[in-house]
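Here's the structure we're looking at; comments come further down.
Coordinate-derived values only; no laboratory data. Predicted model, so just to flag it, every value in this text is computed and none were measured. Every residue, glycine as well, gets a Cβ built from its backbone with ideal geometry; the counts of neighbours run over all protein chains shown.
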């Protein structure tokens, strides 16, 4: 049963266009030219309860706008949203009780309060039963290692500590759904790992539905089975991460180190040179048309090599390629 | 289907919590507090000197003898401790940096949140009235009216506070459209001080100006409670005076609700 249903969501922002300089500013006071910018253009998807989905796209693709519409703080221009059976913007407060939100770039805790009192305030806001509150808090303290800075005002916390506090804060009221908007942005490797472990656990142990938007595709590889890829306001891929990899990760790279540095052009049939510096040559080839051993044979026939390696496409390079080339199902591939 | 969905039942608890937190927050700026109380002492003394000098050379108005005017300006200063606070500036700050979006993500009434937070802040400053009054009594004599008059003054003061809240809230709401409000705010603060009777009782104004002031809400904030305190507005006129205040409260409250809704609508349509 779908817990989130977005149907043909569309959001158009209207803004005043102003000419340059003082003249433009004065003119804008009287005659306003409007410019329409389509942020989200007909996005549809559904999430089942307990899913953990990566919502991925480049800057300005419409990710945050979609998340804002799902959380009820932005009204769609057209289309419908149902979150746990509720239209979020019509029933903001009822919806707020069902969801938890973490913004990597914006804390939801109270800056002037120690973390512990921030949590107390959230207990009052969400009407969390006392025993449930204590239980959750003890649990989160343990897995997020909060105890050390529970008495520190939020504004004095480091980014990593603050994010851990934000995660606990967003989960205290046992939300059915959590929206995580770039939750690992700016964090160091250890903090990122702590957050990822927490997300995975919450999803697994509590069955919380999670939508994760991120630029760090390592988050996605670690956490999500399914991803929704969005570009220029449209969904361009929605499905298992593995399928994207197998469909789109058609090209592998053979990295060859030549025995001696050469600046002359390297030409190998069945592969393209994508990088050549000193003695190192990167050869990109389609695994469906060229077998690796065949390619290696062709290289060794022509050059003396001292080392070689085959690099599998990571999800990052796949997604980067989709952003630049657009998503088209690779042709000649049985699906 | 939508009709069957009910929001969470209204509870006072979060708003008490917001107010308590705001009080605690204010208490952390202790140094501020002491300078504030210190400056009260100086201002009370200076105002007394001014009025004594003025009264020595002019005929006193019939119903405001010297002791009454000194009481008036001392009480006005003490009222200013809570009335001069812009208790809703958090709204404008949170609009400015965009964090207001997170307020809308909580299952609470956002304007009531600002009201509770601002009132908590004000309550802390209200506590300062007691030590400030004690200090003021070192340099001036303040008349103490009957219990009935004090009660009427308290009620009138409270309504005046709510009117002040609406005005501040409205001013901060303009940030929905302009993001820059300090100029308008300065003008309104100045108008409140002058036309509200905080600095000088309105009876000293030229008659024409008094007529104008009668059609503005500022007098309801300071002048009405103060005139009740010093007895210029006698018990037989309490009802009328407070009715005018309530009328202003209703008008400004209604405008505040309309403007808030338009602003919030803009946020949810334009994304801030």
Over the range A:197-335, what is the mean sequence separation of C-alpha contacts under 8 Å (at least six apart), divided by residue count, expressed as relative contact order in percent? 25
For every helix of n ≥ 4 consecutive DSSP H residues, a contribution of -39,500 (n - 2.57) applies; sum these over chain B, divide by its total residues, and give [θ] at 222 nm rounded to the nearest 500 deg cm²/dmol. -24000 deg cm²/dmol
Please grab the % of Cα pairs in the protein assembly as shown that end up more than 36 Å from each other. 54
Using Cα-Cα distances under 8 Å and only pairs 6 or more residues apart, what relative contact order does the range A:223-282 have, in percent? 25
Label point distance in nm, residue A:27-residue B:212, each placed 7 Å from Cα along Cα→Cβ: 3.8
Listed highest first by mean packing, meaning other Cβ atoms within 10 Å per residue, what order do B:155-164, B:224-233 come in? B:224-233, B:155-164
Between the range A:262-277 and the range B:158-210, the alpha-carbon center distance in angstrom: 76
Taking beta carbons within 10 Å but only from partner chains, what does the mean come to for residues A:110-116? 2
Estimated translational D of the range B:158-204 in µm²/s (Stokes, Kirkwood radius over Cα pairs; 4 °C; 1.567 mPa s): 111
Extension gain from residue B:184 to residue B:96, taking 0.36 nm per residue of separation minus the Cα-Cα distance: 30.1 nm
Packing-ranked peptide list from B:53-63, A:62-72, B:235-245, highest mean Cβ count within 10 angstrom first, is A:62-72, B:235-245, B:53-63
Across A:119-125, the residue-averaged tally of Cβ atoms belonging to other chains within 10 Å stands at 5
Cα extents of chain A along the three principal axes, largest first, in whole Å? 74, 59, 46
What is the helix-to-structure angle for B:30-57, meaning the angle in degrees between its Cα long axis and the longest Cα principal axis of chain B, kept from 0 to 90 and rounded to the nearest 10? 40
What angle, in degrees between 0 and 90 and rounded to the nearest 10, separates the Cα long axis of helix A:159-171 from the longest principal axis of the Cα atoms of chain A? 60
Evaluate the relative contact order of the range A:134-262 (contact order divided by residue number), counting alpha-carbon pairs under 8 angstrom at least 6 apart; express in whole percent. 17
Just subtract the alpha-carbon distance of residue A:111 and residue A:243 from 0.36 nm times their residue separation and send over the number in nm, one decimal. 43.2 nm
Inside 10 Å of the C-beta atoms of A:89-102, what's the mean count of C-beta atoms belonging to other chains? 4
Protection proxy ranking, peptides A:168-178, A:297-307, B:121-131, average beta carbon neighbours within 10 Å, highest first: A:168-178, B:121-131, A:297-307
Would you calculate a helix-derived [θ] at 222 nm for chain A, using -39,500 (n - 2.57) for each DSSP H run of n ≥ 4 and dividing by the full residue count, to the nearest 500? -11000 deg cm²/dmol
I need the Kirkwood Rh of chain B: take the reciprocal of the average 1/r across all distinct C-alpha pairs and report it in angstrom. 20.2
Testing the spin-label approximation: label points 7 Å from Cα along Cα→Cβ at residue B:140 and residue A:152. State their distance in nm. 4.8
In degrees, nearest 10, range 0 to 90: what is the angle between the Cα axis of helix A:189-206 and the longest Cα principal axis of chain A? 60
